[in-house]
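Chemist: First the structure, then my questions, so here it is.
Laboratory data are not the source of any read-out in this text; all were calculated from the coordinates shown. As the structure is a computational prediction, the values presented were derived from the model and not from experiment. In this analysis, Cβ positions are derived from the backbone assuming ideal geometry, glycine residues included, and neighbour counts consider all displayed protein chains.
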Amino acid sequence: MLISRKIRLRPKSLTDAHDDYAWQTDPELARLDAVLPLNMTFPQYLAEYARELRYPSLTKHLFAIETLEGKHIGNCVYFDTNDKDDAELGIMIGEREYWNKGYGTDAVGTLVGYIFRETKFHRIRLKTLETNSRAQKCFKKCGFIPSGHLFRNGYNFILMELTRKKWQAQQKESKVSGKDS
């Protein structure tokens, strides 16, 4: 479990399935993730969810985001890419009452710190919809910089990245200035 100022990142569990199903069937959340809302029954979803937990991917690392009080509010993930020098990151805060309050920024910062401290990846990449200014603001606060554009399946994305070298420099600067990292 990873604990930060506002959140805890913990391994996913079967108890998360109900929240995840609600979020994945929500049209607005699906739109923000550039996917269609999930179209299966909860029992079907639960069986697939249990199978994924029982046989986890070796290259995909899923975390539940919860408040310090233990409320599950979202999920984040990082996964290996074909270029073994970098990983791709994803996040979703599903509980709307936690939007625009720093929970996403805290979760991304915590996950980035974990990745750079515990893996050999030199770069973390992500993509976000051009229209998702809230996500872009979060990623920029965490040190990500725009690195390109992508058009896929009718969606325009901004590509962003953060290198280990830049993250380490930010950590040193935070310590010198007395800011929390």
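Chemist: Please compute P(r) over all alpha-carbon pairs of the chain, binned at 10 Å starting from zero, and give each bin as a whole-number percent.
Modeler: So the P(r) values, bin by bin, are 9, 35, 40, 15, 2, 0.
Chemist: While we're looking at this one, here's another question. Quick one: what are the phi-derived ³J(HN,Hα) couplings along the range 110-117, Karplus 6.51/-1.76/1.60 with θ = phi - 60°, whole Hz, x for glycine and proline?
Modeler: 3J(HN,Hα) across the range 110-117, in whole Hz: 5, 5, 4, x, 4, 4, 6, 7.
Chemist: Can you give me the distance in nm between label points at Glu52 and Ser174, each placed 7 Å from the Cα along the Cα-to-Cβ direction?
Modeler: 2.9 nm
Chemist: Quick check: net charge around Glu52, other residues with Cβ under 14 Å of its Cβ, Lys/Arg +1 and Asp/Glu -1?
Modeler: +1
Chemist: Also, quick follow-up: Please count, across the range 2-125, the pairs of lysine residues with Cα atoms under 18 Å apart that sit 8 or more places apart or on different chains.
Modeler: Values: Lys6/Lys71; Lys6/Lys101; Lys12/Lys60; Lys12/Lys71; Lys60/Lys84; Lys60/Lys120; Lys71/Lys101; Lys84/Lys120.
So the count works out to 8.
Chemist: Output the 0 to 90 degree angle, nearest 10, between the alpha-carbon long axis of helix 42-54 and the longest principal axis computed from the alpha carbons of the chain.
Modeler: For helix 42-54, the angle is close to 50 degrees.
Chemist: HN-Hα J couplings of the range 126-134 from phi, Karplus 6.51/-1.76/1.60, θ = phi - 60°, integer Hz, Gly and Pro as x?
Modeler: Whole-Hz 3J(HN,Hα) from phi for the range 126-134: 7, 9, 9, 4, 4, 7, 8, 5, 4.
Chemist: What shape does the range 113-181 have by the C-alpha gyration tensor, where a ≥ b ≥ c are the square roots of the eigenvalues, rounded means a/c under 1.5, and otherwise prolate means a/b greater than b/c and oblate the rest?
Modeler: Values: a/c = 3.07, a/b = 1.84, b/c = 1.67.
Prolate is the answer for the range 113-181, as a/c is 1.5 or above and a/b outweighs b/c.
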